[in-house]
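K.L.:
My structure is below; once you've seen it, I'll send some questions.
The values are calculated or read from the model by the stated rules, or taken from the named source; none is laboratory data. Remember, it's a predicted structure, so these values are computed and weren't measured experimentally. All Cβ positions, even for glycine, are placed from backbone atoms using ideal geometry, and neighbour counts span all protein chains on display. Note: areas computed on protein heavy atoms with side chains; ligands, DNA, RNA excluded. Shrake-Rupley method; radii C 1.70, N 1.55, O 1.52, S 1.80 Å.
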Amino acid sequence: MDPTTVLTSVFNYVLPMLPAQWAAAASVIGSFVVSTCALAAYFWPRPKDSSKWLPLYQAINKLGLNGKHAANADDAVAKNTTKN
C-alpha cells in the first residue's frame, strides 16, 4: 500500500478528534524540528563510516529532509568519495 494513502487516511481520521490548538502546536513544533535539522545538516559534514556520530548524522539528515538534491546528502557524499 502507498505510504501517502495511509498517512492521508490516518490524518483524516485523527485530525477531527484533535482540538485546533493542538494541531497548530504540533505543526509548529514539527516545522521547527525539520528546520533545525535541515540547518544542522547543512553545516555538519558527514562523519566517517566508523564514527559513533554517524547514526545521529543520518537521523538528522532524514528529519531535515536532506536527501537526493542536497549538496551534502548521503548519496552525493558517497559518489564524491568513490571518485577520489
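K.L.:
Select from the stretch 1-15 the residues that are open to solvent by less than 80 Å² (accessible area, probe 1.4 Å) and over 22 Å from the mean Cα position of the chain (by Cα) and list them in ascending order.
P.N.:
Selection gives 14 alone.
K.L.:
Let me confirm something: among 78, 24, which residue is out of contact with any strand residue (DSSP E or B) (no Cβ under 9 Å at 6 or more places or on another chain), open to solvent by less than 60 Å² (accessible area, probe 1.4 Å) and at pLDDT below 85?
P.N.:
78
K.L.:
If I filter the stretch 24-49 down to residues being touching a helix residue (DSSP H, G or I) at 6+ places or on another chain (Cβ under 8 Å) and in a helix (DSSP H, G or I), which single residue comes out as nearest to residue 67 (Cα to Cα)?
P.N.:
41
K.L.:
State which residue pairs qualify: first residue within 14 Å of residue 33 (Cβ to Cβ) and inside the stretch 53-65, second residue open to solvent by less than 80 Å² (accessible area, probe 1.4 Å) and assigned to a helix (DSSP H, G or I) in any location, beta carbons under 6 Å apart, and separation of 6 or more residues or different chains.
P.N.:
Pairs that qualify, where the first residue is within 14 Å of residue 33 (Cβ to Cβ) and the partner is open to solvent by less than 80 Å² (accessible area, probe 1.4 Å) and assigned to a helix (DSSP H, G or I), are 60/37; 60/40; 60/41; 61/41; 63/37; 64/37; 64/38; 64/41.
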